[in-house]
Each structure stands twice: as structure tokens, then as C-alpha cells.
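Laboratory data are not the source of any read-out in this text; all were calculated from the coordinates shown. Just so you know, these numbers come straight off a predicted model, no measurement behind them. Methodologically, a virtual Cβ is constructed for each residue, glycine included, from the backbone with ideal geometry; neighbour enumeration extends over all protein chains shown.
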């Protein structure tokens, strides 16, 4: 019989031992990868934005005020965007 203390760890051990397809090996030649020869960025720095108030959060899921939404919009990009003339989605960072 398995002790209750040990029983709660068994699913985690099984999950850790399972093969992870996303982590297996290097990308194949069939995959198209986006590469850049641009200069590598560095941690730190600053983002200066002129606003009437400070953003309350940088979390896009909980941002309800305009100041937070504007800063989040400047810091992040979308995978797709909507063409306002045709009302159809088009790839922005994503490839179709």
C-alpha cells in the first residue's frame, strides 16, 4: 500500500518521466525559423512614455485603465491584426 504522502507525488513523477515532444531535439529543416542579424539586446534600460497618470499594471489580462493599456500596447506586439478596410485578419508576427 502506498502512503498518502507519497501518493501525491506519483502523478508528478510520471509526468516528469514522460517524453516531451516540444523539447525533443533541434528544429528540422522543414521548419521555417525567423532569424535576425540585429544587435543583441540587453537587460535593463527604460521606456519613457508621456501620460497623465501612471499605469496600474503591466499585466494585459488585468489592465482596465487607459494608461496601462497604452503602455502594454507599446511593449507588446500581436500575432495577428485586423485590417480595418477589409475586416479580415492578417498575420502580424505570425506566418500564414
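Here are the numbers:
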item	result
Packing rank of 67-78, 36-47, 84-95, where each peptide gets the mean count of other beta carbons within 10 Å, highest leading	67-78, 84-95, 36-47
Percent of Cα pairs exceeding the 12 Å cut-off, where the set is the range 49-96	66
